[in-house]
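Participant: Quick one: the structure is below, questions incoming.
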Amino acid sequence: MSAIDLRRSPSGIPLGIGIAGIAVCGIGAIFNPVQFFRSYLIGYLLWLGVALGCLAILMLYHMVGGRWGFLIRRILEAATRTFPLLAVSSFRSSSARASSSRGRIARRFARTRCSSRRRRI
C-alpha cells in the first residue's frame, strides 16, 4: 500500500499548468490580438470584481463587528491582497499595437460614415 506524502507540495504541476496557459495566451495574442485583449479584459474584470466584493464584505464586517465574519475574515483579507497584482496587470504592454488598432477603428468608422453620406445625396 502506497501512502501519499502530504508534506511535499505538488508545486511542479500547477506551475507547469500556469506556464502552459501563459504560452497559449501568447499564441492567441499573436494570431488574434483583438480577441485576446477582449478576453483579457473580461478575465481582468472578473477577478477585479471578486477582489472588490471581498473588500466590501470585509469593510462591512469591520464596520459592524460581531462574530459572523470571523471564519471568513482571513479569506477576505487574502483576496484583497491581490490588488497590487491587479494594478500591475492592468497596464498594457503593447501600447503601439493599441494605438494602431484605435487608428484602424477610427478609419473604418470614418469610412462608413463617409460612404453613408454619399448614398444619401
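Participant: Collect the residues in region 42-92 that are aromatic (Phe, Trp, Tyr) and assigned to a helix (DSSP H, G or I), keeping them in residue-number order. It would help to see each step written out before you state the result.
Facilitator: At the first step, the residues of region 42-92 found to be aromatic (Phe, Trp, Tyr) are 44, 47, 61, 68, 70, 83, 91.
Across region 42-92, the qualifying residues are TYR44, TRP47, TYR61, PHE83.
Participant: If ALA110 satisfies every condition in (1) modelled with pLDDT under 90; (2) closer than 21 Å to TRP47 by Cβ; (3) surrounded by 10 or more Cβ atoms within 10 Å (Cβ to Cβ); (4) of a type in the set (A, V, I, L, M, F, W, C) but one, which is the exception?
Facilitator: The single condition ALA110 does not satisfy is (2).
Participant: Any residue in region 19-38 that is in a helix (DSSP H, G or I) sitting within a Cβ distance under 7 Å of a residue that is among the charged types (D, E, K, R) and surrounded by 12 or more Cβ atoms within 10 Å (Cβ to Cβ)? List the pairs, counting only those 6 or more apart or interchain.
Facilitator: Pairs that qualify, where the first residue is in a helix (DSSP H, G or I) and the partner is among the charged types (D, E, K, R) and surrounded by 12 or more Cβ atoms within 10 Å (Cβ to Cβ), are PRO33/ARG97.
Participant: Where residues in region 1-16 are part of a helix (DSSP H, G or I) and exposed (fewer than 10 other Cβ atoms within 10 Å of the Cβ), which of them is modelled with the highest pLDDT? Even if it seems obvious, please write down each step before you answer.
Facilitator: Of the residues in region 1-16, the ones part of a helix (DSSP H, G or I) are 12-16.
Remaining after also requiring exposed (fewer than 10 other Cβ atoms within 10 Å of the Cβ): 12-13.
Numbers: GLY12: 80, ILE13: 86.
The residue in question is ILE13.
Participant: If you don't mind, there's one more thing I want to ask. Can you pull out the residues in region 24-52 that are of a type in the set (Gly, Ala, Ser), surrounded by 13 or more Cβ atoms within 10 Å (Cβ to Cβ) and under 18 Å from SER90 (Cα atoms)? Lay out the reasoning, then the answer.
Facilitator: Step one: filter region 24-52 for residues of a type in the set (Gly, Ala, Ser), giving 26, 28-29, 39, 43, 49, 51.
Okay, now just the ones that are also surrounded by 13 or more Cβ atoms within 10 Å (Cβ to Cβ), so 28-29, 39, 51.
Those that are of a type in the set (Gly, Ala, Ser), surrounded by 13 or more Cβ atoms within 10 Å (Cβ to Cβ) and under 18 Å from SER90 (Cα atoms): ALA29, SER39, ALA51.
Participant: Any idea which of (1) at pLDDT 90 or above; (2) under 30 Å from ALA23 (Cα atoms); (3) over 21 Å from the mean Cα position of the chain (by Cα) is the one MET63 doesn't satisfy?
Facilitator: (2)
Participant: Moving on. From the set of residues in region 83-100 that are aliphatic (A, V, I, L, M) and surrounded by 12 or more Cβ atoms within 10 Å (Cβ to Cβ), which is modelled with the highest pLDDT?
Facilitator: If we filter region 83-100 for residues that are aliphatic (A, V, I, L, M), which is where we start, we get 85-88, 96, 98.
Then keep just the ones that are surrounded by 12 or more Cβ atoms within 10 Å (Cβ to Cβ); that gives 86, 98.
Numbers: LEU86: 89, ALA98: 53.
Looking at residues that are aliphatic (A, V, I, L, M) and surrounded by 12 or more Cβ atoms within 10 Å (Cβ to Cβ), I get LEU86.
The values are calculated or read from the model by the stated rules, or taken from the named source; none is laboratory data. The model shown is predicted, which means the values in this text are computed figures rather than measured ones. In this analysis, Cβ positions are derived from the backbone assuming ideal geometry, glycine residues included, and neighbour counts consider all displayed protein chains.
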